[in-house]
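One structure follows; several queries about it will come next.
Quick note: the coordinates plus some simple rules give every number you see, no bench work behind them. These numbers come from a predicted model, not from an experiment. FYI the Cβ positions are ideal-geometry reconstructions off the backbone, even for glycines, and counts take in every protein chain you see.
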């Protein structure tokens, strides 16, 4: 009986340590934008991994490797921030690509371990739907993050990047730019 009490105590202690030692959880954001333009036109605007001129917060994009797996790009933001990214998957037939951030200052974008997919789909009425989704961890990896690096700050920042980019893309394409 004593052995069972000791074993139970050890298990209970182990569980309480694990339960209280959890870190951040993976966050996910998906933003969808309807655009009154054919999917081929929309894809033509976003398909070049080295050209994000359609996004209003991107001042400059430089890259190496084209649209092949392993290609890299450096995004210079209008506020001077720098984001280094890598292309993980590119499928022109499905009008989709996946990339990840290799490095970014969490004061610029409060995330870590970020990956994202951008996809263009036909809507059936001649228009398009662009789906931009990402998965990431907050900018502060430990427990009790400061407010500017918590889960909500990370989700809000990524949502803001996606919405501003897709709204601008819609505006550019529906104006015929």
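In nm, to one decimal, how far is the residue 100 label point from the residue 78 one, both placed 7 Å along Cα→Cβ?
About 3.1 nm separates the two model spin labels.
By how many degrees, between 0 and 90 and to the nearest 10, does the Cα long axis of helix 151-174 differ from the longest principal axis of the chain?
The angle comes out near 10 degrees.
Compute the acute angle (0 to 90°) between the alpha-carbon long axis of helix 2-20 and the principal axis of greatest extent of the alpha-carbon atoms of the chain; round to the nearest 10°.
The helix 2-20 is inclined about 30 degrees to the chain.
Here's something else I'd like to know. Exposure proxy check: 109, 169 ranked by fewest other beta carbons within 10 Å?
Neighbour counts put them in this order, fewest first: 109, 169.
Need one number: nm distance between label points at residue 168 and residue 123, each 7 Å from Cα along Cα→Cβ, rounded to one decimal.
Computed distance between label sites residue 168 and residue 123 equals 2.2 nm.
List the relative contact order of the range 64-145 as a percent without decimals, with contacts defined as Cα pairs under 8 Å and 6+ residues apart.
20 percent
I'd like the distance separating the alpha-carbon centroids of the range 73-104 and the range 113-162, in whole Å.
About 13 Å separates the Cα centre of the range 73-104 from the one of the range 113-162.
Just need the Rg to Rh number for the chain, please, alpha carbons only, Kirkwood Rh.
Looking at the chain, the ratio lands at 1.15.
Set the Förster radius R0 to 22 Å, insert the Cβ-Cβ distance between residue 64 and residue 107 as r into 1/(1 + (r/R0)^6), and round the FRET efficiency to 0.05.
Working from the Cβ atoms, E equals 0.25.
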